[in-house]
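Asker: Take a look at this one; I'll ask things after.
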Amino acid sequence: MDTIKEQSVADNTADAIDMEMVEKKAVLSMGGPVRLPEGFEIPFKVSHSTAGPGAGFDTVAIRFGRYRVKKPISYDSGEFDLVVDGDGTLSLFKDGDLFLKGVELIPVIRHCPGQAFFNIDPRCEYRCAFCSSPRLGADEVKEMSEARVLELIGESLSLYSFDSVSFTSGVVGGVDATVERMAGLVRAVRREYPGIRIGVEPYVSSESHLRLLKDAGADEIKLNLQCATDEIFGRVCPDLDRGNIWRMLEAAVGIFGRGNVTSNVIYGFGETDQDVYDVMERLCGIGVIPGLRALRINGINRQSLEESMGRLEKASSDRIIALARKQKEVMARHSLDTRTSRTMCLECGCCDIVPFRDI
Ligand code: SF4
Ligand code: SF4
């Protein structure tokens, strides 16, 4: 590592919004894997996710100041290098230059730091072009019975303190059966841990699904609109019903309450910034928190994305930050705040610049 150039890097221990660190979070979260030094041992269990941008990879969570990201790791190659300094301090280097000094590896409880987030079944009958989950190998399918989920939560609580549990799932055996399976798990967790906050991310097709999940004990719900425009949706989510997702979002606000309903909007499919502003405005207008996410293209989803959308460019850090600022402005105008959401992605914050928390 003697070719590595020292450069001025801001102290990232201060718990304050620091635009240099926000930019680094954008670069790090969109960049490639972190290469670990030979023989370096992660001080806790490595996460292997089946959902989200890290699906299919071994990942660790990295904290720097108030920010955190989840990164794929490798001992062979990477865009970033983890370096252990003489005093044991961890730093990240990029292209031979010091990128972040004083980073910390933090435990992933289940899928993400600070909460137990379960993917009940990564298989899916649908085929959204960006989604890695249904394109993972059969060996990624793990049994998530009630007993197993409760056992895993118990195990995690014996090691870490946390107060939220979340569930996502691909659609397997039809929407009704998938929602019923999720509701059963929510009911079991609610029974065993009455004080825990529970978030759910299902695909629902009727209001009765929403009521079932709410009655089972879910506090928050995420119903994903997936992208900014109808035209893109038709190409990347050919099996889903966007009109019904909008209807379900409106109904969910009535059932779960403002501030407890979120919706992922992925950008980077060729939409304009105005398209993203418009969809955020409409979501906030009905009381739904928009969760913006830059599209990640990887070896698992590249082919399906190219088939439906052609070649796509990775979003720049400038666009990511500008859209997060706009997201905050639109939400503030509608008196919405990501801090009311205490489960799933907005609470985790590892993959996106989250307004009111990061910026
Ligand atoms: S509905 Fe689409 S986004 Fe959700 S798990 Fe299935 S393929 Fe993935
Ligand atoms: S932000 Fe969401 S997808 Fe990313 S690691 Fe956290 S919970 Fe998973």
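Asker: When you check Ser91 against the structure, is it under 25 Å from Arg110 (Cβ atoms) and either at pLDDT 90 or above or within 16 Å of ligand 2 (Cβ to nearest atom) (or both), yes or no?
Answerer: Spelling it out, it is not the case that Ser91 is under 25 Å from Arg110 (Cβ atoms) and either at pLDDT 90 or above or within 16 Å of ligand 2 (Cβ to nearest atom) (or both).
Asker: Now for a different question. Looking only at segment 279-303, which residues are surrounded by 15 or more Cβ atoms within 10 Å (Cβ to Cβ) and among the small types (Gly, Ala, Ser)?
Answerer: Gly287, Gly291, Ala294
Asker: Hey, any hits in segment 349-357 for a residue that's buried (at least 17 other Cβ atoms within 10 Å of the Cβ), in contact (Cβ under 8 Å) with a residue 60 or more places away in the chain, within 16 Å of ligand 1 (Cβ to nearest atom) and not in a loop (DSSP other than H, G, I, E, B)?
Answerer: No, every residue in segment 349-357 fails to be buried (at least 17 other Cβ atoms within 10 Å of the Cβ), in contact (Cβ under 8 Å) with a residue 60 or more places away in the chain, within 16 Å of ligand 1 (Cβ to nearest atom) and not in a loop (DSSP other than H, G, I, E, B).
Asker: Taking segment 149-199 as the region of interest, how many residues are among the charged types (D, E, K, R), surrounded by fewer than 17 Cβ atoms within 10 Å (Cβ to Cβ) and away from ligand 1 (no atom under 16 Å from the Cβ)?
Answerer: 6
Asker: If a residue has to be part of a strand (DSSP E or B) and over 18 Å from Glu201 (Cβ atoms) to count, how many in segment 97-114 make the cut?
Answerer: Result for segment 97-114: 10.
Asker: Let me ask something else. So, in segment 254-278, exactly how many residues are surrounded by fewer than 20 Cβ atoms within 10 Å (Cβ to Cβ), of a type in the set (Val, Ile, Thr) and in contact (Cβ under 8 Å) with a residue 12 or more places away in the chain?
Answerer: So the answer is 1.
Asker: Confirm whether Val69 is away from ligand 2 (no atom under 16 Å from the Cβ), assigned to a strand (DSSP E or B) and touching a residue at least 24 places away in the same chain (Cβ under 8 Å).
Answerer: no
Asker: Would you check which residues across segment 100-135 are away from ligand 1 (no atom under 11 Å from the Cβ) and among the aliphatic types (A, V, I, L, M) and list them?
Answerer: Within segment 100-135, Leu100, Val103, Leu105, Ile106, Val108, Ile109, Ala116 meet the criteria.
Asker: Anything in segment 325-348 that is part of a loop (DSSP other than H, G, I, E, B) and either surrounded by fewer than 17 Cβ atoms within 10 Å (Cβ to Cβ) or within 16 Å of ligand 1 (Cβ to nearest atom) (or both)? List them, or say none.
Answerer: Once the filter is applied, which keeps residues that are part of a loop (DSSP other than H, G, I, E, B) and either surrounded by fewer than 17 Cβ atoms within 10 Å (Cβ to Cβ) or within 16 Å of ligand 1 (Cβ to nearest atom) (or both), segment 325-348 yields Ser335, Asp337.
Asker: What number of residues within segment 304-324 satisfy the criterion of being without any contact (Cβ under 8 Å) to a residue 24 or more places away in the chain and surrounded by 16 or more Cβ atoms within 10 Å (Cβ to Cβ)?
Answerer: 0
Asker: Look through Gly259, Gly268, Gly254 and report the one residue that is within 16 Å of ligand 1 (Cβ to nearest atom) and of a type outside the set (A, V, I, L, M).
Answerer: Gly268
Asker: When the residues of segment 54-66 are narrowed to those that are part of a loop (DSSP other than H, G, I, E, B) and surrounded by fewer than 21 Cβ atoms within 10 Å (Cβ to Cβ), which ends up modelled with the lowest pLDDT?
Answerer: Phe57
The values are calculated or read from the model by the stated rules, or taken from the named source; none is laboratory data. This structure is a prediction, so every number in the text was calculated from the model and none was measured. Glycine also receives a Cβ, built like all others from the backbone with ideal geometry; neighbour counts cover every protein chain displayed.
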